[in-house]
Amino acid sequence: MKLGILCETAENEPRVALVPDVIKQICALGIECVVETNAGNRAGCSDQSYIDAGATISPNVLAEADIIVKVNCPDEQQIAAMKSGAIVIAPINGWKNTKEVELLNSRGIKTFALELIPRISRAQNMDILSSMACVAGYKAVLIAANTSAKFFPMMMTAAGTVAPSKVLVIGAGVAGLQAIATARRLGAIVEAFDVRPAVKEEVQSLGAKFIDIDLGETDTQTAGGYAKELSADARQRQQNALAKHIAMADAVISTAAIPGKAAPRIITPAMVESMKSGSVIVDLAAETGGNCELTRAGEVQNINGVTIIGPINLAAQLPVHASAMFSKNVLNFLKLFVKKEGFVLHFDDEILVATCVAGR
């Protein structure tokens with residue numbers, strides 16, 4: 001059985017699905033690995049480093065590989081070139097890649113969507129969403145600090161003392177918590193809000209102040225730990241309470257998301273107008289509509305002195321570590337069904353059942 005790694009064809013995608021250190025571990029499991037020429041170059045992984053790890057380099061991976069691992073959903077041309085009955089492991093995002101899923105199904109290609117890894121304890125080390133959110137949360141704060149018109153830390157200078165910046169983080173999932181930790185390391189004063197009261201202790205443990213808001217409802221979290229969509233009344237209460245905190249913030253890092261749905265709109269144009277000139281909003285929900293009503297995905301805007309940034313695929317801006325983290329997630333997923341006798345897919349495993357979206 002051969003496992004194949006492709007060059008990513010998506011625009012502005014420098015990550016690679018598996019790095020040489022992980023390839024070495026996969027080869028030790030008895031799997032032959034074949035890597036497309038120059039697949040890892042932009043993630044700091046040369047062809048020679050893959051060869052040294054035990055892989056072979058080939059320009060024709062799709063025709064050779066029994067299992068394909070990708071950072072993004074394969075395109076229609078790639079799917080057409082795969083072996084019938086092959087296995088694909090990748091973030092599929094079937095809600096938007098419907099044609100690709102139909103084609104994978106029609107060709108009998110067993111397809112496992114990594115973004116559907118269930119939130120259970122034994123699947124934590126396979127959770128690509130958490131890994132990439134960690135990268136994005138860190139990078140978002142660096143972008144904010146670089147864009148802001150102010151220092152983040154307090155400065156004691158010959159010209160006097162400079163007060164630290166105030167950072168507001170909206171959403172305290174993995175990205176939000178990493179944003180809090182990074183902003184605190186840079187010396188900012190940090191506040192955070194999340195609709196899930198259960199995350200309050202995590203926020204406080206990182207040195208941030210948790211903003212308590214009476215939303216008028218308590219059922220704000222799914223069984224899997226994700227935030228639920230709020231009622232209209234709860235949304236209004238949230239906006240009313242957050243308005244004064246947004247007005248005082250020098251930087252807002254917005255990470256609120258609802259799985260499978262458009263991002264909740266939290267920051268109104270009036271809130272943006274209330275912010276100080278020189279402040280910045282980094283909206284990590286840009287790809288799903290944005291938490292700020294004025295966000296435009298992939299664009300940087302300046303509105304009355306406030307910079308609004310809607311980054312796309314932020315994890316790709318740190319391709320070395322993002323690729324390494326993604327690789328470890330994939331390795332742990334592979335261990336579910338890689339046995340001495342080859343690939344043994346047990347569909348009584350809840351993780352495999354939850355992630356298989358085609359070819360079963």
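The values are calculated or read from the model by the stated rules, or taken from the named source; none is laboratory data. The structure presented is a predicted model; accordingly, all values stated were derived computationally and were not measured. Backbone-built Cβ (ideal geometry, glycine too); neighbour counts: all protein chains shown.
If we scan segment 317-329, do we find a residue that is assigned to a loop (DSSP other than H, G, I, E, B) and either under 20 Å from A136 (Cα atoms) or small (G, A, S) (or both)?
The answer is yes; a qualifying residue exists.
For segment 128-183, which positions are touching a Phe, Trp or Tyr at 6+ places or on another chain (Cβ under 6 Å) and assigned to a loop (DSSP other than H, G, I, E, B)?
Residue satisfying the conditions is S165 alone.
For a quick check of your reading of the model, give me the residue pairs whose first member lies in segment 148-171 and is on the phi > 0 side of the Ramachandran plot, whose second is crowded, with 18+ Cβ neighbours inside 10 Å and charged (D, E, K, R), with beta-carbon atoms closer than 9 Å and at least 6 apart or on different chains.
Every condition considered, the pairs that remain are G171/D194.
(1) surrounded by 13 or more Cβ atoms within 10 Å (Cβ to Cβ); (2) part of a helix (DSSP H, G or I): which one isn't true of F112, the others all being true?
(2)
Under the condition of being more than 22 Å from G137 (Cβ to Cβ) and in contact with a Ser or Thr (Cβ under 9 Å, 6 or more places away or on another chain), which residue from segment 231-264 is surrounded by the fewest Cβ atoms within 10 Å (Cβ to Cβ)?
Result: K244.
Of the conditions (1) farther than 17 Å from S323 by Cα; (2) touching a residue at least 12 places away in the same chain (Cβ under 8 Å); (3) β-branched (V, I, T), V22 satisfies every one except a single condition; which number is it?
Only one criterion is unmet by V22, namely (1).
Just to verify a result, which residue in segment 12-43, among those that are part of a helix (DSSP H, G or I) and of a type in the set (G, A, S), is surrounded by the fewest Cβ atoms within 10 Å (Cβ to Cβ)?
A28
Yes or no, residue by residue, for (1) under 29 Å from A28 (Cβ atoms); (2) without any contact (Cβ under 8 Å) to a residue 60 or more places away in the chain:
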site	(1), (2)
D47	yes, yes
A55	yes, yes
A80	no, yes
K83	yes, yes
A86	yes, yes
G108	no, no
T111	yes, no
I117	yes, no
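Report yes if A354 is assigned by TED's automatic domain parsing to the domain that holds E11, outside any loop (DSSP other than H, G, I, E, B) and over 17 Å from S131 (Cα atoms), otherwise no.
So A354 fits the description; yes.
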